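Asker: I'd like to ask some things about the structure below.
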């Protein structure tokens with residue numbers, strides 16, 4: 001039996017979501033930084049692939065009718081925070097939708113790397129983390145969401161999303 005390869009995915013740990021001056025600040029996101037850094041170090045030590053999914057919007061993105069403008073391509077707000085900067089061999093995959101699979105290169109990259117298991121970190125638990133985790137599960141990946149490495153704008157939204165993921169067979173550790 002071939003050993004299943006694993007990738008760790010960091011979702012939207014961007015200046016606009018994590019840094020105080022960001023346009024769509026998730027107040028608890030900065031608390032995730034040490035936890036995600038530890039997981040990234042462990043993952044790299046195990047030879048796992050590291051993938052960053054990054055919101056990357058056009059200036060006129062229709063999503064801005066629901067949310068303030070954020071993570072506009074080419075701006076400071078769309079950059080991964082300094083504390084979690086990608087390393088040269090990491091993958092950075094921009095996205096314009098909630099799921100990291102929707103109209104991105106994520107599925108192709110995972111297939112090319114032979115990945116069968118994904119570990120998910122980042123923000124927002126109830127939106128991009130949830131949509132990406134559910135789609136990964138639907139695509140037959142083994143999915144783990146690290147509860148101490150994800151956050152949302154409210155504790156209620158965070159807890160609700162973790163319950164939904166568990167109910168759908170996603171590991172929440």
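Asker: Among 45, 100, 77, which one shows the biggest mean-square fluctuation in a GNM of the chain, springs joining Cα atoms closer than 10 Å?
Answerer: Result for the chain, Cα springs under 10 Å: 45 fluctuates most.
Asker: What does the extension gain come out to for residue 33 and residue 168, with contour length at 0.36 nm per residue minus their alpha carbon separation?
Answerer: Numbers: separation 135, 0.36 × 135 = 48.60 nm, distance 2.70 nm.
Extending this stretch completely gives an extra 45.9 nm.
Asker: If you don't mind, another one. Roughly how many Å is it from the Cα centre of region 22-54 to that of region 95-173, as a whole number?
Answerer: 13 Å
Asker: Can you pull the Kirkwood radius for the chain, inverse mean 1/r over Cα pairs, to one decimal in Å? Display every interim value, and only then the final one.
Answerer: Numbers: mean 1/r = 0.0628 Å⁻¹.
15.9 Å is the Kirkwood radius here.
Asker: Roughly speaking, what is the stretch gain from residue 85 to residue 160, that is 0.36 nm per residue apart minus the C-alpha to C-alpha distance, in nm to one decimal? Walk me through the numbers before you get to the answer.
Answerer: Details: separation 75, 0.36 × 75 = 27.00 nm, distance 2.94 nm.
In short, 24.1 nm is gained.
No value in this document is a laboratory result; all are computed from the given coordinates. All values reported here derive from a predicted model rather than from experimental measurement.
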